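Notes follow the structure.
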Amino acid sequence: MTDALLAGMPASLATEPLFGLPLGRLWLGLVFAVFGTFLFLDGFDFGVGALFATRSDEHEREQLLAAIGPFWDGNEVWLVVFGGMLFAVFPKVYASLFSRHYLLMFAILGALILRGLAPEMYEQREDDAWTRWWGRAFVAGSVAAPFFLGVFAGNWLFGVDGMASVGSMLVGTATVALTVVDGAAYLGLKTRGDVRLETRLYGYLAQAAYLLFVVAALIVGSRSAPHVEVFGMPTVGLLGVTVLLAVAYVAAAWLGRHYVAFVAVAAQVYGLAALVAILLYPVVDPVSALSVEDAVVSTLSLNLVTIGTAFLLPIIVLYFVVLYSAFSGPVEEGEAYT
């Protein structure tokens, strides 16, 4: 049956990339773009969860939960898409990364489960001890998930063969700070009054922390990773753009231009994903020394995956357009998490 299927395909599919495109490099960019999309969309969920710790008024806590209620589980689709793409196009990298960081993967999943379970349990009872415990669990999961994701990205970038390194933990801390900025910018769109004003201040502090930690992570991590050129033009250029975007976020939030602030944060998140990809290339896994050309699947498989993705990815994007359109606008007074 397989032979018959292959016989019905154009011979060029097995020997030449579609339209002569450098599909390996394009797929590397797409994989990190999808990772950036997850980090941005679920990032504001993580950030709101971290900022939940700053709210003591029950009505304000319900506002925060209602702001992310329709979105957080859908946003995790992008993590599944990221893992699926990595497995389909760079299976050797997928196997190498996930086998080396087996415990870290479980830590990420555990944190995501805790983050998802906590608000559901929080709403089940009005007992003070119960809500206090599950509120803390929600904050813990919302902080731990981006931290472990950042450690994973740092391990990948710096070629760490163990559980973690100082450099990768700094990346994890920077990721937590960036998600807090993301959450504060999102709450600028979805809330009003004291919640918006006070969480904006936390966003400013987190923005400064992110810039400090990302620079520290690159300096420390590069000591054991010669391929990470801290003072190379791509790195310096992206860091310079990130500083400008940070200034734009602070100014826009201060002036009440909350959509502009949100876009500035989004650009920073995608910039972080782009920085990791650029510093890795042309090697896609420093530990196994696999280049993009060595790690990518066969030409036929790559062409077929590309064709399938060209049909499926727009459907996923359309789903999110509908989702965010249906639940657009600020959280209304008295609205609660459902």
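The values are calculated or read from the model by the stated rules, or taken from the named source; none is laboratory data. Being a predicted model, the structure only gives us computed values, none of them experimental. Reconstructed Cβ throughout: ideal geometry from the backbone, glycine too, with neighbour counts over all protein chains shown.
Quick notes on this one:
- Some residue of segment 207-215 being crowded, with 18+ Cβ neighbours inside 10 Å and of a type in the set (Ser, Thr, Tyr): yes
- Checking segment 119-132 against the condition returns no match, with no residue being under 24 Å from GLY24 (Cα atoms) and at pLDDT below 95.
- Test: residue in segment 191-210 that is closer than 17 Å to ASP42 by Cα, assigned to a helix (DSSP H, G or I), within 22 Å of the chain's Cα centre (by Cα) and of a type in the set (Lys, Arg): no
Results for (1) among the small types (Gly, Ala, Ser); (2) surrounded by 16 or more Cβ atoms within 10 Å (Cβ to Cβ); (3) without any contact (Cβ under 8 Å) to a residue 60 or more places away in the chain, shown as yes or no for each residue.
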{"residue": "LEU218", "(1), (2), (3)": "no, yes, yes"}
{"residue": "ALA246", "(1), (2), (3)": "yes, yes, yes"}
{"residue": "ALA264", "(1), (2), (3)": "yes, yes, no"}
{"residue": "LEU272", "(1), (2), (3)": "no, yes, no"}
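- Cβ-Cβ contacts under 9 Å between residues 6 or more apart (or on different chains), taken from a first residue in segment 169-186 that is under 24 Å from GLY256 (Cα atoms) to a second residue that is acidic (Asp, Glu) and buried (at least 24 other Cβ atoms within 10 Å of the Cβ), are listed as THR179/ASP42; THR179/ASP45; ASP182/ASP45; GLY183/ASP45; TYR186/ASP45.
- When LEU272, LEU300, LEU238, LEU244 are screened for being assigned to a helix (DSSP H, G or I) and either in contact with a His (Cβ under 6 Å, 6 or more places away or on another chain) or closer than 15 Å to PHE90 by Cα (or both), only LEU300 passes.
- Of the residues making up segment 79-92, those that are closer than 23 Å to LEU112 by Cα and in contact with a strand residue (DSSP E or B) (Cβ under 7 Å, 6 or more places away or on another chain) number 0.
- Failed condition for VAL292, given (1) over 19 Å from the mean Cα position of the chain (by Cα); (2) within 19 Å of GLY188 (Cβ to Cβ); (3) touching a residue at least 12 places away in the same chain (Cβ under 8 Å): (2)
- Positions within segment 15-42 being aliphatic (A, V, I, L, M) and not in a helix (DSSP H, G or I), in sequence order: LEU21
- Of the listed requirements (1) touching a Pro at 6+ places or on another chain (Cβ under 9 Å); (2) surrounded by fewer than 16 Cβ atoms within 10 Å (Cβ to Cβ); (3) among the aliphatic types (A, V, I, L, M), LEU109 misses just one: (1).
- Exclusive hit being in contact with a Leu (Cβ under 8 Å, 6 or more places away or on another chain), outside any helix (DSSP H, G or I) and either closer than 30 Å to VAL297 by Cβ or in contact (Cβ under 8 Å) with a residue 24 or more places away in the chain (or both), set ALA145, ALA140, ALA164: ALA164
- Identity of the residue in segment 248-262, surrounded by 20 or more Cβ atoms within 10 Å (Cβ to Cβ) and aromatic (Phe, Trp, Tyr), that ends up farthest from ALA295 (Cα to Cα): TYR249
- Any hit, segment 176-192, residues being of a type outside the set (Ser, Thr, Tyr) and surrounded by fewer than 19 Cβ atoms within 10 Å (Cβ to Cβ): yes
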